[in-house]
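Novice: Okay, handing you the structure first.
The values are calculated or read from the model by the stated rules, or taken from the named source; none is laboratory data. The model shown is predicted, which means the values in this text are computed figures rather than measured ones. In this analysis, Cβ positions are derived from the backbone assuming ideal geometry, glycine residues included, and neighbour counts consider all displayed protein chains.
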């Protein structure tokens, strides 16, 4: 992650709880790379403080009186685009916030989810540093309708594997919404905490044509089904007696993550000549080596380009080691999937 030398990240904390925002300010401010430039109790105070302090990143509570964090974000982003990290309870509202322009979220500790303040602070500091490098302009679709009316009957041998991190929830949603019900079996690793992967899958299932579920050990991979890796387990592709299934197992973090994109991609190598591997926005290198291995085994591989990424980390790492066959804007990836499934020749011309 590239930060300007000796330049601290200016952070504004917005939360209606005096005790909680003071705790955040104190603990986050202890990091040598961060300067807390202010605390606001509500969006109205935050609006004025943003103009006064010009923060690089804001942390924003979802639930607040008078105006909640999501409504504030919807008003803020068109006028003053600013990287925001949402602080939320266990709620699907985080996906509304991500859709409204938030870069990422952390889960607020409470008596039910047992997440400690200490672990939240550590996670929040990392995400603030990532957010400080993020692009917060909304990607804009150049395609107004689904690009794929039909792909035809997809073989169970044909599959798609996708990996993403920061900014990936919206990128994945965009791609899936553009694809038809007859999509080949699709496996997705999105770096996200447990419980939220189930919420995310349910949200996609309600807005996309295909079936989208949080994967469980032994689930079958088949056309028309998208499997999202659980937030606390590695997902691997398996084949037994001619049937493709997935294995979900807890394990050590790989590249700092569980689930890991590299774990998924590496499990696809034996079947790569019938696969499309896609790496989307996110910080770090997870998925780069696995995508390279897939490409070497015959997979068609796609990486999101820098201009359309929230964070151009994972796709950049993959591109730099030669793992990416086509580097495309997000708006062009559904069409590239279509072309590859139809067997059209892959080309970057006019697609970047």
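Novice: All but one of (1) buried (at least 17 other Cβ atoms within 10 Å of the Cβ); (2) at pLDDT 95 or above hold for residue 72; state the number of the condition that does not hold.
Specialist: (2)
Novice: Here is a follow-up. How many residues does the range 155-174 hold that are surrounded by fewer than 23 Cβ atoms within 10 Å (Cβ to Cβ) and not in a loop (DSSP other than H, G, I, E, B)?
Specialist: From the range 155-174, those surrounded by fewer than 23 Cβ atoms within 10 Å (Cβ to Cβ) are 155-158, 170, 173-174; that's our starting set.
Add one more test, that the residue is not in a loop (DSSP other than H, G, I, E, B), and what stays is 170, 173-174.
Total meeting the criteria: 3.
Novice: Among the residues of the range 195-227, how many are closer than 19 Å to residue 182 by Cβ, assigned to a strand (DSSP E or B) and in contact with a strand residue (DSSP E or B) (Cβ under 6 Å, 6 or more places away or on another chain)?
Specialist: Summing the residues that are closer than 19 Å to residue 182 by Cβ, assigned to a strand (DSSP E or B) and in contact with a strand residue (DSSP E or B) (Cβ under 6 Å, 6 or more places away or on another chain) in the range 195-227 gives 6.
Novice: On to the next question. Determine if the range 337-351 includes at least one residue that is in contact with a strand residue (DSSP E or B) (Cβ under 8 Å, 6 or more places away or on another chain) and buried (at least 24 other Cβ atoms within 10 Å of the Cβ).
Specialist: Yes, the range 337-351 contains at least one residue that is in contact with a strand residue (DSSP E or B) (Cβ under 8 Å, 6 or more places away or on another chain) and buried (at least 24 other Cβ atoms within 10 Å of the Cβ).
Novice: What about residue 291, is it crowded, with 24+ Cβ neighbours inside 10 Å and within 18 Å of residue 133 (Cα to Cα)?
Specialist: Working: crowded, with 24+ Cβ neighbours inside 10 Å: yes; within 18 Å of residue 133 (Cα to Cα): no.
Considered against the rule, which asks whether it is crowded, with 24+ Cβ neighbours inside 10 Å and within 18 Å of residue 133 (Cα to Cα), residue 291 comes out as no.
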